[in-house]
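Peer 1: Dropping a structure here in structure tokens format, bear with me for questions.
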Amino acid sequence: MTIHTEPLKSVSDIERTTPMTPFPGRIATFLGGRRWRSLAPLAVLIVLCVLIAIANPNFIELRNLVRLANSAAVPLTLAMGLTFIILMGSIDLAVEGTLSVAAMVLVLLAANDGNGNDYGWWAVLAAIAAGTAMGFVSGLIQTMLRIPSFMGTLGMWFIGLGLSVYMLGGTAIKLNDASIRDLALHRFLGLPVAVWVAFGAFLLATVIQYHTKLGRHILAIGGDEDVAKLSGVNVVRVRITAFALAGFFFGIAGVLAAAQLGQSHAVIGDGRLFAAVTAVVVGGTALTGGEGGVVNTLIGVLIVTVLANGMILLGISPYIQQTVQGLMIIAAVALSLDRVRLKIVK
Amino acid sequence: MNDTKNFAVNRRTLMMGATAGVAALAMPSVLRAQDKPTLVTSIRSLSNPYHAVWKTGAEAYAKWAGLEHVTLVSEGNSEKGIADIKAMLAKTGGNMVLNSDPNDTPDARPIVEACAKAGAYVVTQWNKPGDLHPKDFNPNYVSHIEFDGIDSGKTIAEILFKTIGGKGGIVALGGLISTTAAIERKKGLDAALAANPDIKLLDFQVANWKSTEAFDLMGNLLTRFGDDIKGIWAANDDMGSGALEALRAENLAGKVPIVGVDGIKTAVDAVRTGEFACTVTSDPFWQGGMGLAIGYNAKIGKFDPTKEPPEHREFYGKAVLISHDNVEEYYKTNVDAKPEIDWNDLWGRVTGAIRT
């Protein structure tokens, strides 16, 4: 048995010596490399804010900043959960289904206009538990049945959607519990409670990612699963836990969404998956896994929210708003992702 | 001898009786199959309140008429919608009455052609190509029903303008840009604006028929226009209720009136509390039941479609306006209880032939 004595090249060394470095990558390297690139999303956010504020000073009004925070609350909570999955190099497409199940459980157990239940805040716990359970099942499907997360969670998406259509009977059920609605309507220090909840979710996600073994293992699996496995990471357990954790965040988002709208119907999650994935990717977390994190995602969510708000403030025609959003996604990813390291672009 | 004779007679009687018995058992089932067609409802999905109410209307009519009823759901997939209808035609041997809200405009043609070929009777609602006419498929294609979107958009706009005192700024939330209903309702709004020069349309934005999108959008519009917004025109109630929650988060609910279309329960509740000024509904309960009633009556020969005037073959139904004046009455008869509709009054809600 021979032992390698030659020291392994560090990843950054390989990167610098790759002859095929694409042009924008070379510019980025010239300007300071990865450090610069990791700050790109923040720079985009600042430039965006400055431009919009110049065009319409109403943008920096306190009232508008509160509104911005409010409309970022649900996407932020969702994107927190999704970040862990994408960091692992997997994907969770069950965002909309899980959110809709959590919102459905919430309205059906709290005071509502469809049945006689009134379990108050137990309904909130049940909703979050339902979200977590959905994620747990996704994790089991991926690891035990060995089905790729793309397919497994696609299935869970429709299972969740079907479940809430069935339970809600196709109609919108109103949420009548005043204390739960206060999540959206009551303000604490000038901000709706939902914003504080979302901020709490962000803090929790930060702690999990940077200060727990789970967080480090998730990152390790995303970086290189084989290496992680060889160094003793229980990949199966980490994957299942990560999916359950994502479901937990989706459950919280479901509660917030139902509280904001004062009702729930099966399609309450429509379009949320796209928004969440966009926010994670625009923030600079690589879809290939192992790079980025929840702080990036916070910036990503803010970019997406500020952009939507800004386009209305600037009076951009609804007919071209989507196009601008598409351009924005491509630009942000081009700037922030370390594509030099990607050997193959799929 | 007697015993044998008796036995022979008995045997013959027995055999004849058995034959008669079999025939008697068989004939009514043949007759029943001819008499009682299956009622079939084909709609887009059951995950929206509109089609859910449509289905209850269809079931109410089927129960009233004592007929079997089947609901087909296309889930927004045209191919599935058409394939399911063809499967039902095969299963019933064409002995059915179909009330269909085709998923997309071009779908109406294959649906009608398949029904005509199988001898089934069909009524379509909302979507059909302009060059497809019931009279070209006599007698199987009985009627096509729509609701005048221009009229709805204009009616609610006028009520909104009156509520805010005839002057000031409003914002409008439109539906999915490519849908006919969205385009027509906006035309109605434009017509009302043209007639009221003191009303200013501050901005027209699109929330794709969804309350969640309208919620975020309304927050942004409040930033841009603030107190200049005196009223909100929404192309449907779901978006209107999203806008209402955005107002509520800023303590503005009830201060800025909203109008919408569809008559969903949330909107009816909001009309009661004064947060909505009005909503209009095409009454999906009526659409679900009456579409089947018209087809069934043609099928059993109560009327001959070929002899009906054009405004009975392609017509606009009458939309029901729900405003402060009639909301309590409406609530009592439509929300608290299942609505009572005279299913024999086939043409009671015809308001005229469809514009071409």
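The values are calculated or read from the model by the stated rules, or taken from the named source; none is laboratory data. Since this is a predicted model, take the numbers as computed values, not measurements. FYI the Cβ positions are ideal-geometry reconstructions off the backbone, even for glycines, and counts take in every protein chain you see. What goes into the accessible areas is simple: the full protein's heavy atoms, side chains included, and nothing from ligands, DNA or RNA. Shrake-Rupley method; radii C 1.70, N 1.55, O 1.52, S 1.80 Å.
Peer 1: Among helices (runs of 4 or more DSSP H) lying entirely in segment A:183-301, which contain 1 or more residues that are within 14 Å of another protein chain (Cβ to nearest Cβ), in contact with a helix residue (DSSP H, G or I) (Cβ under 9 Å, 6 or more places away or on another chain) and open to solvent by less than 40 Å² (accessible area, probe 1.4 Å)?
Peer 2: On the way: elements: A:193-211, A:213-223, A:225-230, A:235-261, A:272-282.
Once the helices (runs of 4 or more DSSP H) in segment A:183-301 are filtered for at least 1 residues that are within 14 Å of another protein chain (Cβ to nearest Cβ), in contact with a helix residue (DSSP H, G or I) (Cβ under 9 Å, 6 or more places away or on another chain) and open to solvent by less than 40 Å² (accessible area, probe 1.4 Å), what remains is A:193-211, A:235-261, A:272-282.
Peer 1: Here's a check for you: in segment B:229-251, which residue that is open to solvent by 10 Å² or more (accessible area, probe 1.4 Å) and among the charged types (D, E, K, R) is nearest to residue B:168 (Cα to Cα)?
Peer 2: The selected residue is B:230.
Peer 1: Here's a follow-up. Report yes if some residue within segment A:137-146 is away from chain B (no Cβ under 14 Å), open to solvent by 20 Å² or more (accessible area, probe 1.4 Å), under 24 Å from residue A:91 (Cβ atoms) and outside any helix (DSSP H, G or I); otherwise report no.
Peer 2: yes
Peer 1: Just one of B:223, B:212, B:163 is under 25 Å from residue A:266 (Cβ atoms), of a type in the set (Ser, Thr, Tyr) and either buried (at least 17 other Cβ atoms within 10 Å of the Cβ) or modelled with pLDDT of 95 or more (or both); which is it?
Peer 2: Working: B:223 fails: under 25 Å from residue A:266 (Cβ atoms); B:163 fails: under 25 Å from residue A:266 (Cβ atoms).
Residue meeting the stated conditions: B:212.
Peer 1: Can you find, within segment B:81-93, the residue that is most open to solvent (accessible area, probe 1.4 Å) among those that are of a type in the set (Gly, Ala, Ser) and out of contact with any Pro (no Cβ under 9 Å at 6 or more places or on another chain)? Break it down into steps so the answer makes sense when it comes.
Peer 2: Initial filter on segment B:81-93 (of a type in the set (Gly, Ala, Ser)): B:81, B:83, B:87, B:90, B:93.
Next, from what is left, pick out any that are out of contact with any Pro (no Cβ under 9 Å at 6 or more places or on another chain): B:83, B:87, B:90, B:93.
Details: B:83: 56, B:87: 60, B:90: 80, B:93: 62 Å².
That would be B:90.
Peer 1: I'd like to verify a number: residues in segment B:311-349 that are in a loop (DSSP other than H, G, I, E, B) and aliphatic (A, V, I, L, M), how many?
Peer 2: Narrowing segment B:311-349 to residues in a loop (DSSP other than H, G, I, E, B): B:318-319, B:324-326, B:337-349.
Adding the requirement that they be aliphatic (A, V, I, L, M) leaves B:319, B:337, B:341, B:346.
Count: 4.
Peer 1: Have a look at A:137, A:105, A:66, A:101 and point out the one that is of a type outside the set (D, E, K, R) and touching a strand residue (DSSP E or B) at 6+ places or on another chain (Cβ under 7 Å). Please lay out each step first, then the result.
Peer 2: On the way: A:137 fails: touching a strand residue (DSSP E or B) at 6+ places or on another chain (Cβ under 7 Å); A:105 fails: touching a strand residue (DSSP E or B) at 6+ places or on another chain (Cβ under 7 Å); A:101 fails: touching a strand residue (DSSP E or B) at 6+ places or on another chain (Cβ under 7 Å).
That would be A:66, the only listed residue that is of a type outside the set (D, E, K, R) and touching a strand residue (DSSP E or B) at 6+ places or on another chain (Cβ under 7 Å).
Peer 1: Condition (residue is assigned to a loop (DSSP other than H, G, I, E, B), without any contact (Cβ under 8 Å) to a residue 24 or more places away in the chain and at negative phi) applied to segment B:127-136: is it met by at least one residue?
Peer 2: At the first step, the residues of segment B:127-136 found to be assigned to a loop (DSSP other than H, G, I, E, B) are B:127-133.
Imposing the further condition that a residue be without any contact (Cβ under 8 Å) to a residue 24 or more places away in the chain reduces the set to B:131.
Checking which are at negative phi leaves us with B:131.
Yes, there is a match, as at least one residue in segment B:127-136 is assigned to a loop (DSSP other than H, G, I, E, B), without any contact (Cβ under 8 Å) to a residue 24 or more places away in the chain and at negative phi.
Peer 1: So, one more: For residue B:262, work out the one condition from (1) buried (at least 24 other Cβ atoms within 10 Å of the Cβ); (2) more than 30 Å from residue B:164 (Cα to Cα) it doesn't fulfil.
Peer 2: Of (1) buried (at least 24 other Cβ atoms within 10 Å of the Cβ); (2) more than 30 Å from residue B:164 (Cα to Cα), only one is false for residue B:262: (2).
Peer 1: Moving on. Search segment A:147-159 for residues being open to solvent by 20 Å² or more (accessible area, probe 1.4 Å) and part of a helix (DSSP H, G or I), and hand back the single one that is nearest to residue A:222 (Cα to Cα). Write out each step before concluding.
Peer 2: Restricting attention to segment A:147-159, the residues satisfying the condition of being open to solvent by 20 Å² or more (accessible area, probe 1.4 Å) are A:147-148, A:150-151, A:154-155, A:157-159.
Imposing the further condition that a residue be part of a helix (DSSP H, G or I) reduces the set to A:150-151, A:154-155, A:157-159.
On the way: A:150: 15, A:151: 18, A:154: 20, A:155: 23, A:157: 23, A:158: 26, A:159: 27 Å.
Checked segment A:147-159; the qualifying residue nearest to residue A:222 (Cα to Cα) is A:150.
Peer 1: Name the residues in segment A:45-71 that are open to solvent by less than 30 Å² (accessible area, probe 1.4 Å), in a helix (DSSP H, G or I) and farther than 16 Å from residue B:250 by Cα, would you?
Peer 2: The answer is A:45, A:48, A:52, A:53, A:59.
Peer 1: Do we have residue B:154 as over 27 Å from residue A:322 (Cβ atoms), among the charged types (D, E, K, R) and in contact (Cβ under 8 Å) with a residue 12 or more places away in the chain here?
Peer 2: Spelling it out, residue B:154 is indeed over 27 Å from residue A:322 (Cβ atoms), among the charged types (D, E, K, R) and in contact (Cβ under 8 Å) with a residue 12 or more places away in the chain.
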